[in-house]
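Reviewing the structure listed below.
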Amino acid sequence: MNKLTVTFVIPNWNGKTLLEQHILSVIAASGNSEIIVVDDGSIDDSVAFLKHHYPKIKIIEKKNHEGYASTVNAGVLIAQGDIVVLLNTDIEPEKYFLKPLLSHFSDPNVFAVGCMDKSMENGKVVLRGRGIGRWDKGFYIHKRGEVDKTDTTWVSGGSGAFRRSMWNELGGMDEIFDPFYWEDIDLSYRATKKGYEVIFEPKSIVRHYHEEGNIKKEFTKEEIERIAFRNQYIFVWKHASGLQFLLHLLWNPLRLLKDMRSADKSMLRGFVLALPLFPSILLKRIGIIS
């Protein structure tokens, strides 16, 4: 097997401070690989900072802020590497994190490999990177998995490696999930449905300064929860099997009634945001539109 080439793709939105803190670690860990930063309509001089200090980094400048999936897709579109490594701006990779990731791609059936994410949360380190997902009464439930195994339901778009040829075959991330969340779960789910493998690699370590990321800075907790529920509904409507879809239709009214009694009503508001997309998703499911 020929030596695999690598492209790093970093989505950025108003992340100048984070780039100042972490871009040198990315360069040190890249092994002279291609690095692409896709700027999602920033207004904080991120692009000027990169152009002045790191002229070798390729930059894609989007005029308007759209969201995560469309920003990552724009970077992968021009990537030259066999393997695309996605890193968020709040991620700091350890220097030798790349080799364990790439070792798995000797298996031609591997689509994606995720990193051990040392997430800094409320002054503590939480080990993340392995995910568990399951269908329950017509809803898809996902959660953090313990990091003592290598199987995973999805590979995080915030710190993971993806085989570019398979990415292109799958059509990349679905931009219906913009501005953020569930796009990487959706991509991994589609990959595994085609028989490709997604893997968690605990020896590939990154530090994730989660609380410094721009989602938490630019959106309120309530807005984040609404968007997350919206995208959970979209995922379910896209992927639920016939039985799970029926269970979803039966159980969802009960979930919404329960949520109506809560203080924030995040699920109900997410459902309302997703509802206009239901007809087109349903038509795609039955093959009337592509």
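Could you give the radius of gyration (one decimal) and Dmax (whole number) of the Cα atoms in the chain, in Å?
Both quantities, over Cα of the chain: 19.0, 59 Å.
Given springs between every Cα pair under 10 Å in a Gaussian network model of the chain, which of 184, 107, 259 has the largest fluctuation?
107
Averaging over every viewing direction, what projected area does the convex hull of the Cα atoms of segment 154-265 cover, in nm²?
Mean orientational projected area (segment 154-265, Cα hull): 9.0 nm².
At a threshold of 8 angstrom on Cα-Cα distance, excluding pairs fewer than six apart, so keeping six or more, what relative contact order does the chain reach in percent?
Computed value for the chain: 19 percent relative contact order.
So what are the ³J(HN,Hα) numbers for segment 42-49, from phi and the Karplus equation (6.51, -1.76, 1.60; θ = phi - 60°), rounded to whole Hz, Gly and Pro as x?
Per-residue couplings from phi come out as 5, 10, 10, 6, 4, 5, 4, 4 Hz.
When 272, 155 are ordered from fewest to most other Cβ atoms inside 10 Å of their Cβ, what list results?
Neighbour counts put them in this order, fewest first: 272, 155.
Order the peptides 21-27, 243-249 from the highest to the lowest mean number of other Cβ atoms within 10 Å of their residues.
21-27, 243-249
On a C-alpha basis, how far is the centre of segment 28-61 from the centre of segment 247-290 in Å? Whole number, if you could?
38 Å
In nanometres, what is the gap between the two model label sites at residue 219 and residue 32, each 7 Å from Cα along Cα-to-Cβ?
Label-label distance for residue 219 and residue 32, simple model: 4.0 nm.
Can you work out the PRE-style zone for residue 24? Point 7 Å along Cα to Cβ, and I want the residues of segment 37-67 with backbone N under 17 Å.
49-57
Net charge within 12 Å of residue 275 by Cβ-Cβ distance, Lys/Arg positive one each and Asp/Glu negative one each, not counting residue 275 itself?
Charge balance in the 12 Å sphere: +2.
Select from segment 30-65 those trypsin sites (Lys or Arg not before Pro) which occupy a DSSP coil region and have at most 10 other Cβ atoms within 10 Å, ordered by residue number.
Working: sites: 51, 56, 58, 62, 63; in loops: 56, 63.
Listed in order of number, the matching sites are 56, 63.
Which residues' amide hydrogens lie under 5 Å from the amide hydrogen of residue 14, considering only partners 5 or more residues apart or on another chain, with H built in the peptide plane?
Hits under the 5 Å cutoff: 40, 42, 43, 44.
Ratio to report: Rg/Rh of segment 220-285, with Cα atoms as the point set and Rh obtained by the Kirkwood method; give two decimals.
Here Rg/Rh amounts to 0.98.
Could you work out the helix-only [θ] at 222 nm for the chain, with each DSSP H run of four or more residues adding -39,500 (n - 2.57) and the total divided by the number of residues, to the nearest 500 deg cm²/dmol?
-12000 deg cm²/dmol
Using θ = phi - 60° and the Karplus relation 6.51 cos²θ - 1.76 cosθ + 1.60, list the HN-Hα couplings for segment 257-263 in order, rounded to whole Hz, with x at every Gly or Pro.
Once rounded to whole Hz, the list reads 4, 5, 5, 4, 7, 7, 6.
Please list, in chain and number order, the residues 5+ apart from residue 131 or on another chain whose amide H is under 5 Å from its amide H, with Hs placed from the backbone.
145, 153, 154
Kindly rank 38-44, 156-162 from highest to lowest mean number of other beta carbons found within 10 Å of each residue. Please list the in-between numbers first.
On the way: 38-44: 18.7, 156-162: 27.3.
Averaged packing, sorted descending, gives the order 156-162, 38-44.
Using the Karplus equation 6.51 cos²θ - 1.76 cosθ + 1.60 (θ = phi - 60°), what ³J(HN,Hα) coupling, rounded to whole Hz, does each residue of segment 142-147 give in order, writing x for Gly and Pro?
Values, residue by residue: 10, 7, 5, x, 5, 9 Hz.
Read the figures in this text as sums done on the coordinates, not as results from a lab. Owing to the predicted nature of the structure, the values given are computational and were not obtained by experimental measurement. Cβ sites come from the backbone with ideal geometry, for glycine too, and all protein chains shown count toward neighbours.
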